[in-house]
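Comments concern the structure below.
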Amino acid sequence: MDRRKASDFPQELLDLFDRYVHGGINRRQFLDRAQRFAVGGVTAAALFQLLKPNYAWAIQVQPDDKRIKAGSAAVPSPRGNGSIKGYLVRPATASKLPAVLVVHENRGLNPYIEDVARRLAVADFIAFAPDALTSLGGYPGDDEKGLALFSKLDRAKMTEDFLAAAIWLRERSDSTGKLGAVGFCFGGGVVNQLAVRMGSDMTAGVPFYGAQPTPADALKIKAPINAQYGELDSRITDGWPAFDAALTQAEVPHEGHIYKGANHGFHNDTTPRYDESAAKEAWQSTLDWFNKYLR
């Protein structure tokens with residue numbers, strides 16, 4: 001598949017795909033509405049294929065990279081679904097390190113998120129990426145199937161699973177006890193909710209285009225927050241001013257970065273919505289934030 005950029009597509013089509021990705025419409029509805037963008041012999045089905053993730057593009061750090069040790073781990077979650085499995089990565093050398101929870105989008109633990117965990121390990125953090133779909137067999141290797149499974153999850157139990165994973169990670173013997181959390185899309189919202197739930201037990205959070213908590217809940221946050229948004233992602237980015245105000249009232253160190261011309265999902269380097277400049281700047285901001293507050 002040829003690699004395309006967001007600028008290769010009408011913004012209306014990208015917005016339509018965003019609605020599909022977040023469950024606002026199903027695949028058939030997307031194809032029907034995308035038909036008017038199908039010109040020059042390109043069908044609506046072909047447009048769908050061009051817009052969906054290609055995970056071969058996401059590998060920045062190979063799974064067998066000698067700088068890291070990677071494997072799976074299972075975390076007890078008695079208040080959730082019993083347990084949650086995930087991908088655990090750490091540098092090949094070093095004893096105690098700060099830890100970062102990596103929370104996936106609304107498809108499960110896909111190869112892109114696994115690679116993000118490896119990128120953190122290369123940056124000298126312990127990273128754990130749990131899979132919310134564990135109780136349903138785990139990420140199925142296909143995003144559409146993953147989305148279908150997501151609709152079957154008990155959201156309250158799923159939240160408890162992520163909380164259990166965060167506590168387990170913070171309390172590991174090879175962790176310094178300082179815990180960061182980074183998440184994308186759905187996962188960004190989870191990072192915000194964990195910050196509300198965990199208070200000072202979370203050391204720092206970086207939500208990428210994640211739904212914000214209510215102002216009342218935001219007042220419970222103690223962890224420094226570095227929020228990342230795309231300018232064109234009004235559905236999420238419009239919630240930043242209220243979140244900003246609540247964090248200011250709570251006297252929580254925080255920053256909000258809005259990247260000009262960037263869409264929702266701009267960090268995900270497997271789709272045309274990827275914005276290389278914004279993604280690199282946001283990732284450096286993420287590492288700087290964790291190095292500042294977790295070291």
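How many residues does the range 72-86 contain that are surrounded by 22 or more Cβ atoms within 10 Å (Cβ to Cβ) and either among the aromatic types (Phe, Trp, Tyr) or touching a strand residue (DSSP E or B) at 6+ places or on another chain (Cβ under 6 Å) (or both)? Please lay out each step first, then the result.
Within the range 72-86, the first condition is being surrounded by 22 or more Cβ atoms within 10 Å (Cβ to Cβ), and the residues that meet it are 77, 80, 84, 86.
This time we only want the ones that are either among the aromatic types (Phe, Trp, Tyr) or touching a strand residue (DSSP E or B) at 6+ places or on another chain (Cβ under 6 Å) (or both), so: 77, 84, 86.
Residues meeting the conditions: 3.
Filter the range 128-177 for residues that are of a type in the set (A, V, I, L, M) and touching a Phe, Trp or Tyr at 6+ places or on another chain (Cβ under 8 Å); which is farthest from ALA99 (Cα to Cα)?
Here the answer is LEU133.
Pull out all pairs, ordered by first then second residue, where Cβ-Cβ is under 7 Å, the residues are six or more apart or on different chains, the first lies in the range 132-158 and is of a type in the set (Val, Ile, Thr), and the second is surrounded by 13 or more Cβ atoms within 10 Å (Cβ to Cβ) and in a loop (DSSP other than H, G, I, E, B).
The qualifying pairs are THR134/ASN81.
A quick yes/no check of all residues on (1) over 19 Å from LEU147 (Cβ atoms); (2) among the aromatic types (Phe, Trp, Tyr); (3) modelled with pLDDT of 90 or more:
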| residue | (1), (2), (3) |
| --- | --- |
| ARG3 | yes, no, no |
| ASP8 | yes, no, no |
| ASP15 | no, no, yes |
| ARG36 | yes, no, yes |
| LYS52 | no, no, no |
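Tell me, which residue of the range 126-170 that is of a type in the set (Phe, Trp, Tyr) and touching a strand residue (DSSP E or B) at 6+ places or on another chain (Cβ under 6 Å) is farthest from ALA73 (Cα to Cα)? I'd like the intermediate steps shown before the answer.
Going through the range 126-170, the residues of a type in the set (Phe, Trp, Tyr) turn out to be 128, 139, 150, 162, 168.
Within this subset, residues satisfying the condition of being touching a strand residue (DSSP E or B) at 6+ places or on another chain (Cβ under 6 Å) are 128, 168.
Details: PHE128: 9, TRP168: 11 Å.
Checking each candidate, the answer is TRP168.
Residue under question is ALA34, and the condition is that it be without any contact (Cβ under 8 Å) to a residue 40 or more places away in the chain, touching a Phe, Trp or Tyr at 6+ places or on another chain (Cβ under 8 Å), buried (at least 16 other Cβ atoms within 10 Å of the Cβ) and of a type in the set (A, V, I, L, M); does it hold?
Yes, satisfied.
Hey, among GLN11, GLN60, which residue is surrounded by fewer than 16 Cβ atoms within 10 Å (Cβ to Cβ) and out of contact with any helix residue (DSSP H, G or I) (no Cβ under 9 Å at 6 or more places or on another chain)?
GLN11
Restricting attention to the range 167-197, which residues are under 21 Å from GLN228 (Cα atoms) and more than 10 Å from the chain's Cα centre (by Cα)?
Just the residues of the range 167-197 that are under 21 Å from GLN228 (Cα atoms), to begin with: 179-197.
Selection gives LEU179, GLY180, ASN192, GLN193, LEU194, ALA195, VAL196, ARG197.
Exactly one of these conditions fails for THR93: (1) in contact (Cβ under 8 Å) with a residue 12 or more places away in the chain; (2) open to solvent by 90 Å² or more (accessible area, probe 1.4 Å). Give me its number.
Single failed check for THR93: (1).
Name the single residue that is farthest from SER200 (Cα to Cα) among those in the range 234-265 being touching a residue at least 60 places away in the same chain (Cβ under 8 Å) and open to solvent by less than 20 Å² (accessible area, probe 1.4 Å).
Narrowing the range 234-265 to residues touching a residue at least 60 places away in the same chain (Cβ under 8 Å): 235, 263-265.
Okay, now just the ones that are also open to solvent by less than 20 Å² (accessible area, probe 1.4 Å), so 263-265.
Details: ASN263: 32, HIS264: 29, GLY265: 29 Å.
This residue is ASN263.
Can you pull out every residue in the range 14-31 that is farther than 25 Å from SER277 by Cα and open to solvent by 60 Å² or more (accessible area, probe 1.4 Å)?
Residues satisfying the conditions are ASN26, ARG27, ARG28, GLN29.
Which residue out of ALA223, ALA227 is part of a loop (DSSP other than H, G, I, E, B) and modelled with pLDDT of 95 or more?
ALA223
Restricted to the range 176-203, and to residues that are part of a strand (DSSP E or B) and open to solvent by 10 Å² or more (accessible area, probe 1.4 Å), which residue is farthest from ARG295 (Cα to Cα)?
Only one residue fits best here, namely GLY177.
Of the residues ALA127, ALA132, ALA99, ALA94, which is outside any helix (DSSP H, G or I) and at pLDDT below 95?
ALA94
Please go through the range 271-295 and pick out each residue that is outside any helix (DSSP H, G or I) and surrounded by fewer than 21 Cβ atoms within 10 Å (Cβ to Cβ).
Taking the range 271-295 as the starting set, the residues that turn out to be outside any helix (DSSP H, G or I) are 271-275, 295.
ARG295 - this is the single residue of the range 271-295 that is outside any helix (DSSP H, G or I) and surrounded by fewer than 21 Cβ atoms within 10 Å (Cβ to Cβ).
The values are calculated or read from the model by the stated rules, or taken from the named source; none is laboratory data. Everything numeric here is computed off the predicted structure, so don't read it as measured data. All Cβ positions, glycine included, derive from the backbone under ideal geometry; neighbour counts span all protein chains shown. Keep in mind that these areas ignore ligands, DNA and RNA; they rest on the heavy atoms of the full protein, side chains included. Shrake-Rupley method; radii C 1.70, N 1.55, O 1.52, S 1.80 Å.
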